[in-house]
Amino acid sequence: LYYANEAGIPNEKIWAVWPSGVKPEIFEECRLQRVFPDEDEVIKLIYIGCMHVERNLMTMSKAIVKANQQQRRFQLVLVGDGNEFEDLEAYAQQHPEDILIHGPVPQIEIPNWLAEAHVGILPFPDEQKFRVSSPIKLFEYIAAGMPIMATKIRCHTDVISADAEYIFWAYGADEKAFLTTLEEIHASKSKLDVMGTHSLDNIQHWSWQASAGKIAAGLRDNLFIETGEQ
């Protein structure tokens, strides 16, 4: 809808919105395999996807390191590739206990990586390119039964309601905002497993089947109106 509004397309001309989605069944095993951390274990946060500069992963990495300065409470796992990979890799080598970085993996391996982590992250800044569509990794995190840490921006709030019981909102994309949200995650450590179950509550609404259904309904309803044919 954002793109349509920016392009000046009136609402009455919008037949349907085709959101991204996921195949929930792919992530069933990963939900069963995950073991959430005990009191003395670190919380593993994960990002899988493009590692371009605009994805804000260096800011997130620095927040993790700073949060661990007094006591190691988090580990950040980064999986993917992009124009910031080498810089992130060098930073991870400086902080090997805080950050684990890995190159891109086949799609079939993504559930295995998510099974080993506890919280999926989406640290994107509020920029126009992130308002057009919601990232597929968001739906994968939900299907994997994970709590999510995300910046409160359009591409995330279009999918996750403000009061969702599985979300840790970051009210900003800077280090200070991330540190505040990390404190909230740590304070909720004993609740992460329950939060993960809540992430599955509406996953069928975000399957590729549901997405295709929205397009089919839009075409069916509006083609009849436009042509007068059944």
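Taking A173 and the conditions (1) hydrophobic (A, V, I, L, M, F, W, C); (2) open to solvent by less than 20 Å² (accessible area, probe 1.4 Å); (3) closer than 30 Å to E39 by Cα; (4) touching a helix residue (DSSP H, G or I) at 6+ places or on another chain (Cβ under 8 Å), which numbered condition does it fall short on, given that it satisfies the others?
Single failed check for A173: (2).
Within the stretch 154-170, identify whether any single residue is open to solvent by 80 Å² or more (accessible area, probe 1.4 Å), out of contact with any helix residue (DSSP H, G or I) (no Cβ under 8 Å at 6 or more places or on another chain), modelled with pLDDT of 80 or more and within 30 Å of R72 (Cα to Cα), and answer yes or no.
Looking for residues that are open to solvent by 80 Å² or more (accessible area, probe 1.4 Å), out of contact with any helix residue (DSSP H, G or I) (no Cβ under 8 Å at 6 or more places or on another chain), modelled with pLDDT of 80 or more and within 30 Å of R72 (Cα to Cα), one finds at least one in the stretch 154-170, hence yes.
If you go through the stretch 35-42 one residue at a time, do you hit one that is in contact with a Pro (Cβ under 7 Å, 6 or more places away or on another chain) and either of a type in the set (D, E, K, R) or touching a residue at least 60 places away in the same chain (Cβ under 8 Å) (or both)? Explain how you work it out, then say what you get.
Let us first name the residues in the stretch 35-42 that are in contact with a Pro (Cβ under 7 Å, 6 or more places away or on another chain), namely none.
The answer is no, given that none of the residues of the stretch 35-42 is in contact with a Pro (Cβ under 7 Å, 6 or more places away or on another chain) and either of a type in the set (D, E, K, R) or touching a residue at least 60 places away in the same chain (Cβ under 8 Å) (or both).
What about K62, is it among the charged types (D, E, K, R), modelled with pLDDT of 95 or more, in contact with a Pro (Cβ under 8 Å, 6 or more places away or on another chain) and on the phi < 0 side of the Ramachandran plot?
No, not satisfied.
Quickly run through the stretch 176-195 and pick out the residues that are open to solvent by 80 Å² or more (accessible area, probe 1.4 Å) and either closer than 16 Å to T59 by Cβ or among the acidic types (D, E) (or both).
Within the stretch 176-195, K176, T180, E183, E184 meet the criteria.
So which residues in the stretch 43-64 are surrounded by fewer than 19 Cβ atoms within 10 Å (Cβ to Cβ) and either aliphatic (A, V, I, L, M) or touching a Gly at 6+ places or on another chain (Cβ under 8 Å) (or both), if there are any at all?
Result: C50, H52, V53, M58.
Which ranges mark the helices (runs of 4 or more DSSP H) fully within the stretch 94-179 that have 2 or more residues being in contact (Cβ under 8 Å) with a residue 40 or more places away in the chain? Can you show your working first?
Details: elements: 110-115, 136-143, 154-157.
Filter on the stretch 94-179 gives 110-115, 136-143.
The values are calculated or read from the model by the stated rules, or taken from the named source; none is laboratory data. Fair warning: this is a prediction, and the values are worked out from it, not measured in the lab. For neighbour counting, all protein chains shown are included, and Cβ atoms are generated from backbone atoms with ideal geometry for every residue, glycine included. Each accessible area value is taken on the protein alone, full model and side chains, heavy atoms only, with ligands, DNA and RNA left out. Shrake-Rupley method; radii C 1.70, N 1.55, O 1.52, S 1.80 Å.
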